[in-house]
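Before any comments, here is the structure.
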């Protein structure tokens with residue numbers, strides 16, 4: 001076996017043994033929209049996608065920490081069954097700004113002197129009552145600075 005053939009078979013064996021090396025990683029963002037079904041008659045809702053933030057080491061030199069800040073944005077939906085149909089279809093609608101923009105606006109309203117946030121944590125809260133009423137909220141908890 002020649003040196004070139006040996007290298008080629010070693011490379012092929014390495015790639016076959018590790019599929020992650022052969023395929024590049026992909027990233028798909030999930031928009032976090034409220035999921036409703038049936039015949040959707042109205043949908044005007046916003047959800048979180050991604051948000052880039054500072055860490056504690058990235059703060060400006062003159063930053064004055066103000067502690068923990070919180071904000072929340074919610075989407076709401078209704079989905080009512082159509083009575084009298086055999087398959088029980090639904091009429092649905094959703095509205096609300098349940099993304100980062102709404103949550104950050106709530107933080108700004110509570111802390112008008114806020115210059116920025118860092119060490120951000122995001123939680124999604126989902127409430128569904130009898131599959132008729134739906135609420136999905138994005139809650140942002142961070143440390144703020146002036």
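The values are calculated or read from the model by the stated rules, or taken from the named source; none is laboratory data. Just so it is clear, the structure is predicted and the values come from calculations on it, not from any experiment. A quick note on method: Cβ atoms are made from the backbone with ideal geometry, for glycine too, and the neighbour counts reach across all protein chains shown.
Details
- Those residues of the stretch 50-88 which are more than 14 Å from residue 120 (Cβ to Cβ) and assigned to a loop (DSSP other than H, G, I, E, B), in sequence order: 60, 61, 62, 63, 64, 82, 83, 84, 85, 86, 87, 88
- Scanning the stretch 106-135 for residues that are without any contact (Cβ under 8 Å) to a residue 60 or more places away in the chain and within 17 Å of the chain's Cα centre (by Cα) yields 121, 123, 125, 126, 127.
- In the stretch 27-52, the residue that is modelled with the lowest pLDDT out of those that are surrounded by fewer than 14 Cβ atoms within 10 Å (Cβ to Cβ) and under 29 Å from residue 144 (Cβ atoms) is 27.
- If the condition is being farther than 18 Å from residue 35 by Cα and touching a strand residue (DSSP E or B) at 6+ places or on another chain (Cβ under 7 Å), then the stretch 112-138 contributes 114, 115, 116, 117, 118, 119, 120, 121, 122.
- Selection count where residues are in contact with a helix residue (DSSP H, G or I) (Cβ under 8 Å, 6 or more places away or on another chain) and either at positive phi or part of a loop (DSSP other than H, G, I, E, B) (or both), scope the stretch 32-48: 1
- The set of residues in the stretch 112-146 that are within 28 Å of residue 61 (Cα to Cα) and in a loop (DSSP other than H, G, I, E, B) comprises 112, 113, 114, 115, 146.
- Within the set 109, 101, the sole residue that is out of contact with any strand residue (DSSP E or B) (no Cβ under 8 Å at 6 or more places or on another chain), outside any strand (DSSP E or B) and modelled with pLDDT of 85 or more turns out to be 109.
- Residue check for residue 96: in a strand (DSSP E or B), touching a helix residue (DSSP H, G or I) at 6+ places or on another chain (Cβ under 9 Å) and over 17 Å from residue 42 (Cα atoms): no
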